[in-house]
Amino acid sequence: MWKRERSKSVTDIKRNLEEETEKNKIKETDLKNEKIKEAQKEFLAWKQKKEEFLNDEARQQKKEKEEKREEETESQLKRMELANEAYETWIQLKETEREILADLVLIEASPIPWIPPSNLVPRQPRAARSQSAKSIAKRTRSRPSTTTSLRPFR
């Protein structure tokens, strides 16, 4: 009997120890799982904050690009308006100039009658196609000046 009681108590002690070790293992795994879950939550929170930050930066950059594009289009429109205005004023100036010239033509005296050209001006023969610029320059330098012959009445 003593042996049975002793063996029962030993087996009970062993069983209790095994149960305690199992409980400790379960607690450790639960703690590990909890730590892992907390780490995952923190990582997800960090990741979400970072994504929000990046999204905010991207939105801000888009806004800046749109504002820049709008400013460029506005400046182009202003330039075009100024160019159109300058063109319109130029056209008006030309029209007034034409009107003034037309008025002057009406006011002027009758035109000089046509006089046929005189034969006093000597005609130069046509240069051959194959002549170079040097030969033409030599030819014009070697000739005496003909300006005196162009003055018929002196």
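The table below gives the values:
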item: Stokes-Einstein diffusion coefficient of the stretch 2-78, Kirkwood radius over Cα pairs, 37 °C, 0.692 mPa s, in µm²/s; result: 176
item: Set of aspartates and glutamates with alpha-carbon distance to K37 below 17 Å, sequence-local pairs under 8 removed; result: E28
item: Charge context of E42, other residues only, Cβ under 14 angstrom, K/R +1, D/E -1; result: +4
item: Dipole axis of the stretch 15-83 (+1 Lys, Arg; -1 Asp, Glu on Cβ), positive-most option in T29, M80, A39; result: T29
item: Proximal lysines relative to K35, as straight alpha-carbon distance under 26 Å, when same-chain residues fewer than 8 apart are discounted; result: K23, K25, K27, K47, K49, K50
item: Under 27 Å from the Cα of K94 - lysines, other chains or at least 8 residues apart; result: K78
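No value in this document is a laboratory result; all are computed from the given coordinates. Owing to the predicted nature of the structure, the values given are computational and were not obtained by experimental measurement. Here the Cβ is made from the backbone with ideal geometry for all residues, glycine too, and neighbour counts use every protein chain on show.
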